[in-house]
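Let me begin by presenting the structure, written as structure tokens, before commenting on it.
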Amino acid sequence: MKQLRLIFILVIAGIMAASIVWSQEEKALEGVMDLKSREFGQHQRPQVRFDHYLHETIMRCRVCHHDFYVFSNRNEGKGSKCATCHKRKINKDIPVPLLTAFHNRCKGCHENYIKWGRTSGPVMCGTCHKKT
Amino acid sequence: MYQFVTGPLAWLAFIIFFFGLVLRIVLYVRGLDWKLDRVTYSVNVSYGIKGAIRSIIFWIFPFGTRSWRNNPGFTVIVFIFHIGLLITPVFLLAHNVILEEKWGISFWAMPEAVADILTIAVIVSAVFLGLRRIALPEVRIITDIRDRLVLAISVAPFITGFLAYHQFSGYEFWLILHILSAEVMLVAIPFTKLSHMVLFFLSRGQLGMDYGIKRGGMKGYNLSW
């Protein structure tokens, strides 16, 4: 009977420990997006992990979401994504292809910040497209 | 560091590369002496051009000439090396993405797996070209340190590029080394034997004109040399 109780306690402790670890993992990933678009089909390079939380604390939404007031952002699927307008190939309405839109939004901005002598993010290919 | 090697240093390398090659072409053409060569370059132009184009075209295809056919193994390796060397950097996806972003131009980009295979092919064939210089006495005797250096300079961007693409540890180091080694290559092209990038066409053209005008091309046209 004593043994049974011991096992029971151990199991409970195990579940609690696991849940703590689990929740910490959840916390670490909060606001971090895997930038993956179906528009590209098979991605050629490792997909980019984008820390949305980090960026929303240091800049206004409109810096990236240039259409924020017109289309709103991706409000629970009600708004639009980058790929709603920006397609793989350019057309006469949207002159910026999706790949360039992504690269300009990240690398372009980072490069500007470096030019201005400010703290900035990565600009070298593999520093965003990290192999896991 | 990345800003420096992709900014001012890249421009410097491209300028030296471009103007150096233009200078090499000008010096080569000006160095031709029709009296010394006994070839009337500027008189029988049509025969000359025909012969020049013929010679360049036959030499540019594998097994197109007797010399290529006499050394089939060497020919295959040379062509694999040169095709990889020229095709890979121009049609690489990442290079084209940068071109598109900087200047708004881009070429067709090959799949990354193909680029990988071509890169390995360049490296492996370079190893064989290096071994050939050691193994064959007739080549060893005319090989000096500059020949080995030139081969090393031209494969270095491929080795470092391969390591950077596969993100071996120290990615940023490899990428910067990749860019630097490519710039070293660009600068070295006008000053070393790598200038055969353009001088191949000029010397082949010259010899082709020689054959087209003098040795056979105009035989029986009442010309005596």
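The values are calculated or read from the model by the stated rules, or taken from the named source; none is laboratory data. Bear in mind that the values here come from a model prediction, so they are computed numbers and not experimental data. Every residue, glycine among them, receives a Cβ derived from its backbone with ideal geometry; neighbour counts consider all protein chains shown.
So, in the range B:160-170, how many residues would count as being modelled with pLDDT under 90 and either more than 16 Å from B:ALA115 (Cβ to Cβ) or not polar (S, T, N, Q) (or both)?
Qualifying residue count for the region: 3.
Only one of B:PHE107, B:PHE79 is surrounded by 14 or more Cβ atoms within 10 Å (Cβ to Cβ), without any contact (Cβ under 8 Å) to a residue 24 or more places away in the chain and away from chain A (no Cβ under 14 Å); which?
Exactly one of B:PHE107, B:PHE79 is surrounded by 14 or more Cβ atoms within 10 Å (Cβ to Cβ), without any contact (Cβ under 8 Å) to a residue 24 or more places away in the chain and away from chain A (no Cβ under 14 Å), namely B:PHE79.
Considering only the range B:127-136, state which residues are free of Cβ contacts under 8 Å to residues at least 40 places away in the same chain and out of contact with any Leu (no Cβ under 9 Å at 6 or more places or on another chain).
B:VAL127, B:LEU131, B:ILE134, B:ALA135, B:LEU136
Residues are listed down the side, and each one gets a yes or a no for (1) within 14 Å of chain A (Cβ to nearest Cβ); (2) of a type in the set (A, V, I, L, M); (3) in contact (Cβ under 8 Å) with a residue 40 or more places away in the chain:
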{"position": "B:GLY84", "(1), (2), (3)": "no, no, yes"}
{"position": "B:ILE87", "(1), (2), (3)": "no, yes, no"}
{"position": "B:ALA113", "(1), (2), (3)": "yes, yes, no"}
{"position": "B:VAL122", "(1), (2), (3)": "no, yes, yes"}
{"position": "B:SER125", "(1), (2), (3)": "no, no, yes"}
{"position": "B:GLU138", "(1), (2), (3)": "no, no, no"}
{"position": "B:THR143", "(1), (2), (3)": "no, no, no"}
{"position": "B:TYR171", "(1), (2), (3)": "yes, no, no"}
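Only one of these conditions is not met by B:ILE142: (1) farther than 28 Å from A:CYS128 by Cα; (2) assigned to a helix (DSSP H, G or I). Which number is it?
Only one criterion is unmet by B:ILE142, namely (2).
Do you know which residues across the range B:67-104 are over 21 Å from the mean Cα position of the chain (by Cα) and in a helix (DSSP H, G or I)?
B:ASN70, B:LEU93, B:ALA94, B:VAL97, B:ILE98, B:LEU99, B:GLU100, B:GLU101, B:LYS102, B:TRP103
Residues of the range B:136-157 being within 16 Å of B:PHE191 (Cβ to Cβ) and among the acidic types (Asp, Glu), which ones?
Result: B:ASP144, B:ASP147.
Can you tell me which condition B:ARG54 does not meet? The list is (1) in contact (Cβ under 8 Å) with a residue 24 or more places away in the chain; (2) among the basic types (Lys, Arg); (3) within 14 Å of chain A (Cβ to nearest Cβ), and all the others hold.
Of (1) in contact (Cβ under 8 Å) with a residue 24 or more places away in the chain; (2) among the basic types (Lys, Arg); (3) within 14 Å of chain A (Cβ to nearest Cβ), only one is false for B:ARG54: (3).
Show the residue pairs that are 6+ apart or on different chains and have beta-carbon atoms under 8 Å apart, the first residue being within the range B:182-207 and among the acidic types (Asp, Glu), the second being outside any helix (DSSP H, G or I).
Filtered contacts from the range B:182-207: no entries.
Going by what's in this entry, would B:ARG204 be described as away from chain A (no Cβ under 14 Å), among the charged types (D, E, K, R) and under 26 Å from B:PHE18 (Cβ atoms)?
Yes: the conditions hold for B:ARG204.
Quickly run through the range B:60-74 and pick out the residues that are surrounded by 11 or more Cβ atoms within 10 Å (Cβ to Cβ) and farther than 20 Å from B:GLY205 by Cβ.
Passing the criteria: B:PHE63, B:ARG69, B:ASN71, B:PRO72, B:PHE74.
Checking B:MET209 against (1) within 14 Å of another protein chain (Cβ to nearest Cβ); (2) over 25 Å from B:VAL127 (Cβ atoms), which single condition isn't satisfied?
(1)
Looking only at the range B:145-166, which residues are without any contact (Cβ under 8 Å) to a residue 24 or more places away in the chain, away from chain A (no Cβ under 14 Å) and touching a Lys or Arg at 6+ places or on another chain (Cβ under 9 Å)?
Answer for the range B:145-166, where residues must be without any contact (Cβ under 8 Å) to a residue 24 or more places away in the chain, away from chain A (no Cβ under 14 Å) and touching a Lys or Arg at 6+ places or on another chain (Cβ under 9 Å): just B:ARG148.
Being within 14 Å of another protein chain (Cβ to nearest Cβ), more than 20 Å from the chain's Cα centre (by Cα) and surrounded by 15 or more Cβ atoms within 10 Å (Cβ to Cβ): is that true of B:THR40 here?
Criteria not met by B:THR40.
Consider B:ALA52 carefully, then state whether it is more than 30 Å from B:ILE98 (Cβ to Cβ) and in a helix (DSSP H, G or I).
yes
If B:VAL39 meets every condition in (1) in a helix (DSSP H, G or I); (2) touching a residue at least 60 places away in the same chain (Cβ under 8 Å) apart from one, which number is that one?
So the condition that B:VAL39 fails would be (1).
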